[in-house]
Amino acid sequence: MHTARSVFWTVAFVTLVAITGCEKPKRYTPVHLVPVRGKVFTDGNPAAGATVRFHPRNATPGALTPVAKTGPDGSFELTTYENQDGAPPGEYDVTLRLDEPTGRDAEMVDRFRGRFADPKKPAWQVRIEDRSTELDPFIAK
């Protein structure tokens, strides 16, 4: 009788693990995205390697925050879930950081000293329509 009970619980446990282990976990609920491209300049030159982040206006906690890293020509394409997949349509406050090495180990410092990094005091505000969007250049002075 003790063996039958052990077999029952073993089979029940293995079945439970098999059922829950086979289901692919959802990481997110996808939302509609549109391609968004732009450029960043500073001192009249492309701002290569800058991080551009789009903070949804009036967002709830956990809201999606599309982001991009600028290329050598200062251009970027926003990413929300996967590389350069775009951003949800809506209104955004835009922040910018351009990290540069300090010369001490791997320490980095924002070239703009945080002037453009605070989403509560954005230097730029944009509206992304429900279509592919090419933004006006961001000029960081």
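Values quoted throughout were computed directly from the atomic coordinates according to the rules given, and no laboratory measurement underlies them. Here the structure is a predicted model, which is why all the values come from computation and not from measurement. Positions of Cβ are backbone-derived with ideal geometry, glycine not excepted, and every protein chain shown enters the neighbour counts.
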- Everything considered on the Cα gyration tensor (a ≥ b ≥ c; rounded for a/c under 1.5, else prolate if a/b is larger than b/c, else oblate), the range 36-140 must be described as prolate
- Query: Based on the Cβ-Cβ distance from residue 85 to residue 127, what FRET efficiency comes out when R0 is 25 Å, to the nearest 0.05?
  - Reply: 0.85
- Which FRET efficiency, nearest 0.05, do residue 75 and residue 118 yield, Cβ-Cβ r, R0 22 Å? 0.35
- Note on the structure: When 128, 139 are arranged by how many other beta-carbons sit within 10 Å of their Cβ, fewest first, they go 139, 128
- Query: What ranking of 55, 32 emerges when the number of other C-beta atoms within 10 Å of each C-beta is taken as an exposure proxy, fewest first?
  - Reply: 32, 55
